[in-house]
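Participant: What follows is a single structure, and I will ask about it in a moment.
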Amino acid sequence: MAEVLVYVDHVDGAVRKPTLELLTLARRVGEPVAVALGAGAEATAAVLAEHGAVKVLTADAPEFAEYLVVPKVDALQAAYEAVSPAAVLVPSSAEGKEIAARLAVRIGSGIITDAVDLEAGDEGPVATQSAFAASFTTKSRVSKGTPVITVKPNSAAVEAAPAAGTVEALTVSFGALATGTKITGRTPRESTGRPELTEAAIVVSGGRGVNGAENFHVIEELADSLGAAVGASRAAVDAGWYPHSNQVGQTGKSVSPQLYIASGISGAIQHRAGMQTSKTIVAINKDAEAPIFDLVDYGVVGDLFAVVPQLTEQIKVRKG
Ligand SMILES: Cc1cc2nc3c(=O)[nH]c(=O)nc-3n(C[C@H](O)[C@H](O)[C@H](O)COP(=O)(O)OP(=O)(O)OC[C@H]3O[C@@H](n4cnc5c(N)ncnc54)[C@H](O)[C@@H]3O)c2cc1C
């Protein structure tokens, strides 16, 4: 069976969920060979093996931490040359897309970005993309070279599929461009203690109806009672009530959690584009005609300041 390279997104050896989702998709088109780079690369092997990696190619060097993406592209290209894979899959983060694009240019291949699904096809993997605020679903395949495909988070379920996960050291020689852009400083984001928005199983979002930054604690308290991430509509973000990094939608983040709770959000198409694939959708809105009610599984017509605190209270009671 052909091998498929999977680029591993990890933090000091802790593999992030979108990579495990990629392994699920990679198994549909071949045998996953993971490429883990930087500090902690070898520590990723156990979890990658549990989720189907037959091999884990690892490399560590100061260049990965000290410079922007080019050293990683050099390493992924080295893996590509060593394996001659049927496809290369990369998580659709900003960094992932840059790495994938640079690799595709170098190896003369076509690239598909932001896929939301992947299946095997007679002439190579077929990727599904969701276009124009999810108004269209397209299916495409790369017709030149080895398909390089970036996949959005939450596009597949994480599945256990134990495989050998044999660790092999990858030999990488960095090109002249590798040290072209040096990282001059890092400021860690202040942790909220909440899960990452795109990876969370539950997302609780607030919109213009929250009516001020000072009221967002109502949304946060519900999120915390559920162990959820907090999202926001663009209206709330543009008003400065919540950080841009929490925006859900066409120009924000795409989420696809098990449960999405929208409070004081009307359900504009651009917001829906980022959340309509959520498994269960609940909306709280005082306007019974709000378009969000067209796509919900459960809707509450009411004032969020009356409904949300009661919901939080009940969840706390039931959780004991
Ligand atoms: C190119 C482009 C890209 C965009 N990208 C995004 C995007 O990524 N994400 C995004 O969200 N938007 C995006 N938008 C904006 C989008 O069109 C809407 O303007 C926005 O989503 C509206 O946010 P909202 O639902 O919070 O506000 P509104 O549409 O004003 O809705 C507020 C809702 O709150 C309800 N409400 C008010 N008070 C209460 C209360 N006390 N209790 C309960 N309900 C209450 C109201 O009934 C109303 O339905 C984009 C627009 C454009 C043109």
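None of the figures in this text is laboratory data; all of them are computed from the coordinates on show. These numbers were taken from a predicted model, which means no experiment stands behind them. When we count neighbours, we look across all protein chains shown, and the Cβ atoms used for this are built from the backbone with ideal geometry, even at glycine.
Participant: Give the distance, in whole Å, between the Cα centre of region 302-317 and the Cα centre of region 17-46.
Facilitator: Centre-to-centre distance over Cα atoms comes out at 40 Å.
Participant: State to the nearest 20 debye the size of the charge dipole of region 107-215 about its Cα centre, where the only charges are +1 on K and R beta carbons and -1 on D and E beta carbons.
Facilitator: The dipole magnitude comes to about 440 debye.
Participant: Ignoring the sites themselves, what is the longest stretch of the chain with no GluC sites (Glu not before Pro) in a DSSP loop and at most 15 other beta-carbon atoms within 10 Å?
Facilitator: 1-122
Participant: Once you order the gyration tensor axes a ≥ b ≥ c over the Cα atoms, which shape class does the chain get: rounded for a/c under 1.5, otherwise prolate or oblate by comparing a/b with b/c?
Facilitator: prolate
Participant: Still on this structure: Given the chain, what count of lysine pairs have C-alpha atoms under 15 Å apart, with each pair 8 or more places apart or on different chains?
Facilitator: Summing the qualifying lysine pairs gives 7.
Participant: Can I ask one more? If the elastic network links every pair of Cα atoms under 10 Å, which of Ser92, Ser266, Ser245 fluctuates the most in the Gaussian network model of the chain?
Facilitator: Looking only at Ser92, Ser266, Ser245, the biggest GNM fluctuation is shown by Ser245.
Participant: Same structure again: Report, in whole Å, the centroid distance computed from the Cα atoms of region 127-151 and region 194-226.
Facilitator: A separation of 31 Å, based on Cα centres.
Participant: At 222 nm, what helix-only mean residue ellipticity would the chain give, in deg cm²/dmol to the nearest 500, using -39500 (n - 2.57) for each DSSP H run of four or more?
Facilitator: So the helix-based figure for the chain works out to -8000 deg cm²/dmol.
Participant: Now for a different question. How far, in nm, would the chain grow between Ala161 and Ser245 when pulled straight, counting 0.36 nm per residue and subtracting the alpha carbon separation?
Facilitator: In short, 26.9 nm is gained.
Participant: I've got another one for you. Which of rounded, prolate, oblate describes region 46-116, given a ≥ b ≥ c as roots of the alpha-carbon gyration tensor eigenvalues and a/c under 1.5 marking rounded, otherwise prolate only if a/b is larger than b/c?
Facilitator: rounded
Participant: Continuing with the same structure: Nearest-5 percent of antiparallel DSSP beta bridges in the chain?
Facilitator: 20 percent
Participant: Determine the relative contact order of the chain: mean sequence separation of Cα pairs under 8 Å and six or more apart, normalised by residue count, in whole percent.
Facilitator: This gives 15 percent for the chain.
Participant: Going by the alpha-carbon gyration tensor, a ≥ b ≥ c the square roots of its eigenvalues, is region 193-320 rounded (a/c under 1.5) or, if a/c is not under 1.5, prolate (a/b greater than b/c) versus oblate?
Facilitator: In terms of gyration-tensor shape, rounded.
Participant: Relative contact order of region 80-180: what whole-number percent is it, with Cα pairs under 8 angstrom and at least 6 residues apart?
Facilitator: Normalised by residue count, the contact order of region 80-180 is 31 percent.
Participant: Something else: Given charges of +1 on the Cβ of Lys and Arg and -1 on the Cβ of Asp and Glu, with all other atoms neutral, how large is the dipole of the chain about its Cα centre, in debye to the nearest 20?
Facilitator: Approximately 340 debye in magnitude.
Participant: Between 0 and 90 degrees, rounded to the nearest ten: what's the tilt of helix 70-83 against the longest Cα principal axis of the chain?
Facilitator: The helix 70-83 is inclined about 60 degrees to the chain.
Participant: Can you give me the long-range amide H partners of Val6? Hydrogens built in the peptide plane at 1.01 Å from N, cutoff under 5 Å, separation of 5 or more residues or another chain.
Facilitator: Correct list: Val33, Ala34, Val35, Leu89.
Participant: Would you calculate the separation in nanometres between label points at Ala288 and Arg186, each defined as 7 Å from the Cα along the Cα-to-beta-carbon direction?
Facilitator: 5.5 nm
Participant: With an 8 Å cut-off on Cα pairs and a minimum separation of 6 or more residues, tell me the relative contact order of region 1-84 in percent.
Facilitator: So the answer I get is 30 percent.
Participant: For Val300, list long-range residues whose amide hydrogen, built 1.01 Å from N in the peptide plane, is under 5 Å from its own amide hydrogen.
Facilitator: The list, which skips near neighbours in sequence, is Ala283, Ile284, Asn285.
Participant: From the backbone phi of region 314-320, what are the Karplus-calculated ³J(HN,Hα) couplings (6.51 cos²θ - 1.76 cosθ + 1.60, θ = phi - 60°) in whole Hz, Gly and Pro given as x?
Facilitator: After applying 6.51 cos²θ - 1.76 cosθ + 1.60, I find 5, 5, 4, 4, 5, 7, x Hz.
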